[in-house]
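The numbers here are math on the coordinates, done by the rules we state, and not lab data. Since the structure is predicted, the reported quantities are computational estimates derived from the model, not experimental observations.
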């Protein structure tokens, strides 16, 4: 079943805080600018930022408003109303996402190199995807249940990020809503530009999804031809069908525990 999907805009100022936000983008992308925009919206004087590039916050004139660290300070980060952890290699930092939504936690990563633990997935409210993310398929595995085909999810991502441009101010936003089966309430485009307009309407393949459980669509393979026809075209068709089936099946993922 085919369906038209209009991707609307989500503004950072429309986010209800406190919230848990995961920002994914390679180095030199605009994800730090998104963090600064979030801090501007929150306007809290109890903010802890853990970053290996403190100069980015010093240049923005925020050193008097936030506490800057280059490694995680256990006590200070627990007391903060807003915590920002940038590009840290330790995956246990995902445990700082607040399940009770009493604090705002922003974690940035350069790529989606591993599937997140289920406890972290359950705590995330928003995912921002900037251009240049290589492991976009794993993002689809974890957050794309309402888009059954990976190629459609990737098309949305490319449309939101100017064909995956890592320097682009526009990005794809995913709002985690467990009570909906409408992808228009989950997938959005966002931008750091003050004045921007973009019309994204895509034709996507859809199927009835029950309880958010993804099942790969079956691909019809051509029947065996009569004996007087060559077998090679059938082999090619079967190979293409198998390739499409593999592309739209989700990776197996192991549960892991955050300490």
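Across region 2-205, Cα pairs under 8 Å and at least six residues apart give a relative contact order of 31 percent.
Counted over region 2-205, the DSSP beta bridges are approximately 40% antiparallel. Here the scattering of region 55-121 is modelled by Debye summation over its C-alpha atoms, one equal scatterer each and no solvent; at q = 0.13 Å⁻¹ the log10 of I(q)/I(0) is -0.41. Taking only the Cα atoms of region 2-205, the radius of gyration and Dmax are 16.3, 53 Å. In plain terms, the C-alpha convex hull of region 124-187 casts an average shadow of 4.0 nm² when viewed from every direction. Maximal additional length on extending the residue 64-residue 52 stretch stands at 2.5 nm, based on 0.36 nm per residue less the C-alpha distance.
Between the C-alpha center of region 8-83 and that of region 121-148 there is a gap of 20 Å. Extension gain, residue 43-residue 78: 0.36 nm per intervening residue step, less the Cα-Cα distance, totals 10.8 nm.
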